[in-house]
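Shown next, in structure tokens, is the structure this report addresses.
The values are calculated or read from the model by the stated rules, or taken from the named source; none is laboratory data. Computed from a predicted model, the values in this text were never measured in an experiment. Because the Cβ atoms are built from the backbone with ideal geometry, glycine has one as well, and the counts that use them run over all protein chains shown. Surface areas here come from the heavy atoms of the whole protein model, side chains and all, with no ligands, DNA or RNA. Shrake-Rupley method; radii C 1.70, N 1.55, O 1.52, S 1.80 Å.
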Amino acid sequence: MPRFDSPRLLADIGGTYARFTLETGPGDFTQTASLRCADHADFHAAVRAYLQSLSWQDGSPQQIAHAAIAIANPVEGDRVRMTNYHWQFSIDEMRQRLGLDTLVVVNDFTALAMALPRLADVDVRQVGGGQARRPSVIGLLGAGTGLGVSGLIPAGEGWIALGTEGGHVNFGPRDEREMDILKFAWKKLDPASNHVSYERLISGPGLELIYRALADRHGVAGAEPLQAPAITQRALDDGDALCLETLEVFCGLLGTAAANLAVTLGSLGGIYIGGGIVPRLGEYFDRSPFRERFEDKGRFRDYVSAIPTFVITAENATFKGASAILENQLRNLQASPGSAILGQIRRARSELSPAELRVADLVLAQPRSVLNDPIAEIARAAGVSQPTVIRFCRSLGCEGLSDFKLRLASGLTGTVPVTHTQVNTNDSMLELGAKVLGNTASAILQVRSHLNRDTIDRAIDMLLSAGRIEFFALGQYGVVAQDAQFKFLRFGMPCGAYTDPRLQLLAADVLREGDVAVVISSGGRLPELLAVVEKAQERGAKVVAITASQSPLAKKADVTLIVDHIEDIATHLPMVSRILHLLVIDILAVGVAMRRNPDSIAALSGGEDDESKSTRTTAPGISTASPLARLTSHSR
């Protein structure tokens, strides 16, 4: 079996236990250990405890460069906060603290889903009938500390895993007993909320809740409080009636949840059951109400009866999925410019001067810090001069530091760095251009993160129903109002643009109910524009503001589209902020174009349906395209 250059660390982190292993070659797991989360202050402490427990053949620890963590938690962005435990951490900070080149963190059921195509027949046990169709969508769910839900969609030669939180859908009782359990849960969980999810019942804590609810239902006074493992043990080994009924309800609910997932995803490839509870039930699960409830789907009984259900019995299934995701990530990095330049640095070390070598070591150790730091900070951290940093970059075939950073960023993040970089008099024209473009891209991405769907929808609704639209802006932002006027006139919508304070007040004074005033201001504090807003609202018109949050204009407007990029126009020409305001106008224009009646859009083409006439020149330097495309290129 081929071996990796260095062992890879894999982890499966739940709310109760953290399992670790080393993968020395594809599918070759060694030194697997399970640690109680409660015994360690945080995730870093648990990883360190595992690493310190490892034994090495030659006595000296091997360098671990790559790791993948499957965690019982949604993973979005850099910050990870566990739902069922108090651990939280930054992925990038953790990578640096552990001295890793690569750290991949994924949802545990996303990892388990990616393992399914890699499982052999001996790794699963079929429960009930049905025949899997290949290739088809596969569903996955499993109970442990919580209820994980995922799925796999075939895509070409591979699969796409669904990262979901489907365990939190509402629980729906099927009979009087389950209704009593729901009422008990309402009282015990959160009296202020009537939301009880399937995870509250189909999980370790859910097993305990069902046990207490059934004891209450049967009037068993002073029933001994039992934890999930004890309930299972007493049911299977001792035949305890209350514990057996608890398992019966648990398995029935899981059957219903599995059937819901099957019809939701169209899981003709089968439903797989994982987690820490069901595999331990052994043969009892096969004769439990699970499959009966799975097939009890009314008019869809025949549909779900044809879908097979499997219990995952493989001990290292989650590790296999995490390994597959890590391998895919490393393969992508190896094909990217950023990874290529890191490899180039490693290969060029012997040819670098001692000073350049210190820069190389800094980049290899802290690539993301180098990505964001200015040249002075990079030079200080490496203990070299700034010209040495430039020479290092050029020795790798880069034009300069900015070119080097762009190549590095494309591999580390898959995009340009989302930071603001200060231009200075020492920058070359290429570096200056790269910084200006990078700063603009950064600001655009930040505005994107602030977009609110509801406010955009409300603004577009107002514009579509407006009798007339007037755009108001002052100074350097006048071009934004004029651009908006041009776009909406192209739609055949009555509108105007006003950039002179006296004309603005006169225009606002003739607005009426049903009209819309769009006020564009970077800071949102100009008294002239605030006066326009007051006059427009006094006349019964609605006001849409494109401005900074928490500004006076934002507070006065009926709808505010936030652009938080303030530039002091007393000392700077507005550059980035003006582009951001133009983009917001584009968003509104695209939204209006896509929501308008197709017939009215077609009318703008002059009635020519022939595709050959859809692109033509109407005047020197002006061209029009097909009906929708001529309104917005974003619809192509």
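Observations
- Condition check for Arg133: out of contact with any helix residue (DSSP H, G or I) (no Cβ under 8 Å at 6 or more places or on another chain) and open to solvent by 40 Å² or more (accessible area, probe 1.4 Å): yes
For every residue, the table says whether it meets (1) within 28 Å of Arg539 (Cβ to Cβ); (2) modelled with pLDDT of 90 or more; (3) among the basic types (Lys, Arg); (4) open to solvent by 40 Å² or more (accessible area, probe 1.4 Å).
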{"site": "Asp558", "(1), (2), (3), (4)": "yes, yes, no, yes"}
{"site": "Ile587", "(1), (2), (3), (4)": "yes, yes, no, yes"}
{"site": "Arg596", "(1), (2), (3), (4)": "yes, no, yes, yes"}
{"site": "Ile601", "(1), (2), (3), (4)": "no, no, no, no"}
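- Within the stretch 373-400, the set of residues being more than 14 Å from Ala355 (Cβ to Cβ) and not in a helix (DSSP H, G or I) comprises Asp373, Pro374, Leu396, Gly397, Cys398, Glu399, Gly400.
- Every pair of residues 6+ apart whose Cβ atoms lie under 7 Å, when the first sits in the stretch 90-115 and is in contact (Cβ under 8 Å) with a residue 40 or more places away in the chain and surrounded by 16 or more Cβ atoms within 10 Å (Cβ to Cβ) while the second is charged (D, E, K, R) and not in a strand (DSSP E or B): Ala115/Lys320
- Qualifying residue in the stretch 536-543 (condition: of a type in the set (Val, Ile, Thr), closer than 23 Å to Pro494 by Cα and in contact (Cβ under 8 Å) with a residue 60 or more places away in the chain): no
Quick grid of which residues meet (1) aromatic (Phe, Trp, Tyr); (2) farther than 30 Å from Leu236 by Cα; (3) open to solvent by 20 Å² or more (accessible area, probe 1.4 Å); (4) assigned to a helix (DSSP H, G or I):
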site: Glu292; (1), (2), (3), (4): no, no, yes, yes
site: Ala322; (1), (2), (3), (4): no, yes, no, yes
site: Arg347; (1), (2), (3), (4): no, yes, yes, yes
site: Glu356; (1), (2), (3), (4): no, yes, yes, yes
site: Leu371; (1), (2), (3), (4): no, yes, no, yes
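- Here the condition is being out of contact with any Lys or Arg (no Cβ under 7 Å at 6 or more places or on another chain) and modelled with pLDDT of 80 or more; of Arg578, Arg616, it holds for Arg578 alone.
- When Glu76 is tested against the conditions (1) touching a strand residue (DSSP E or B) at 6+ places or on another chain (Cβ under 7 Å); (2) farther than 25 Å from Ala228 by Cβ; (3) charged (D, E, K, R), the lone failure is (1).
- Restricting Arg291, Arg212, Arg200, Arg234 to those that are in contact with a strand residue (DSSP E or B) (Cβ under 6 Å, 6 or more places away or on another chain) and over 22 Å from Ala115 (Cβ atoms) reduces the list to Arg291.
- Considering the conditions (1) touching an Asp or Glu at 6+ places or on another chain (Cβ under 7 Å); (2) of a type outside the set (Gly, Ala, Ser); (3) at pLDDT below 95, Met493 is excluded by exactly one of them, (1).
- Subset of the stretch 471-492 [open to solvent by 10 Å² or more (accessible area, probe 1.4 Å), over 17 Å from Arg578 (Cβ atoms) and in contact (Cβ under 8 Å) with a residue 40 or more places away in the chain]: Arg490, Gly492
- Consider the stretch 540-549 and keep the residues that are open to solvent by 10 Å² or more (accessible area, probe 1.4 Å) and touching a strand residue (DSSP E or B) at 6+ places or on another chain (Cβ under 9 Å). The one that is nearest to Glu470 (Cα to Cα) is Lys542.
- Which listed residue, of Arg125, Arg133, is more than 21 Å from the chain's Cα centre (by Cα) and either assigned to a strand (DSSP E or B) or aromatic (Phe, Trp, Tyr) (or both): Arg125
- Residue match in the stretch 509-525 (condition: part of a helix (DSSP H, G or I) and surrounded by 17 or more Cβ atoms within 10 Å (Cβ to Cβ)): no
- On the stretch given as the stretch 41-61, residues that are touching a strand residue (DSSP E or B) at 6+ places or on another chain (Cβ under 9 Å) and either assigned to a loop (DSSP other than H, G, I, E, B) or small (Gly, Ala, Ser) (or both) total 6.
- Residue satisfying condition, being within 25 Å of Thr102 (Cβ to Cβ), modelled with pLDDT of 75 or more, touching a Ser or Thr at 6+ places or on another chain (Cβ under 8 Å) and not charged (D, E, K, R), within set Ala365, Ala381: Ala381
- Selection within the stretch 62-77 - surrounded by 13 or more Cβ atoms within 10 Å (Cβ to Cβ) and either of a type in the set (A, V, I, L, M) or assigned to a loop (DSSP other than H, G, I, E, B) (or both): Gln62, Ile64, Ala65, Ala67, Ala68, Ile69, Ala70, Ile71, Ala72, Asn73, Pro74, Val75
- Here is the figure for the stretch 161-181: residues that are open to solvent by less than 90 Å² (accessible area, probe 1.4 Å) and closer than 29 Å to Thr110 by Cα total 12.
- Meets criteria (at pLDDT 90 or above, over 27 Å from Ala161 (Cα atoms) and either of a type in the set (S, T, N, Q) or crowded, with 22+ Cβ neighbours inside 10 Å (or both)) for Gln57: no
- Residue in the stretch 294-304 that is in a loop (DSSP other than H, G, I, E, B), of a type outside the set (D, E, K, R) and either within 20 Å of Gln131 (Cβ to Cβ) or open to solvent by 60 Å² or more (accessible area, probe 1.4 Å) (or both) present: no
- Evaluation of Leu35 against (1) closer than 22 Å to Arg331 by Cα; (2) more than 27 Å from the chain's Cα centre (by Cα); (3) surrounded by 15 or more Cβ atoms within 10 Å (Cβ to Cβ) (one fails), failing number: (1)
- Restricting attention to the stretch 441-470 and to residues that are at pLDDT below 90 and surrounded by 17 or more Cβ atoms within 10 Å (Cβ to Cβ), the residue that is farthest from Leu511 (Cα to Cα) turns out to be Ser442.
- Picking from residues in the stretch 1-32 that are part of a strand (DSSP E or B) and of a type in the set (Asp, Glu), the one that is farthest from the chain's Cα centre (by Cα) is Asp28.
- Filtering the stretch 136-180 to residues that are part of a helix (DSSP H, G or I) and either closer than 18 Å to Ile325 by Cα or in contact with a Pro (Cβ under 7 Å, 6 or more places away or on another chain) (or both) leaves only Met179.
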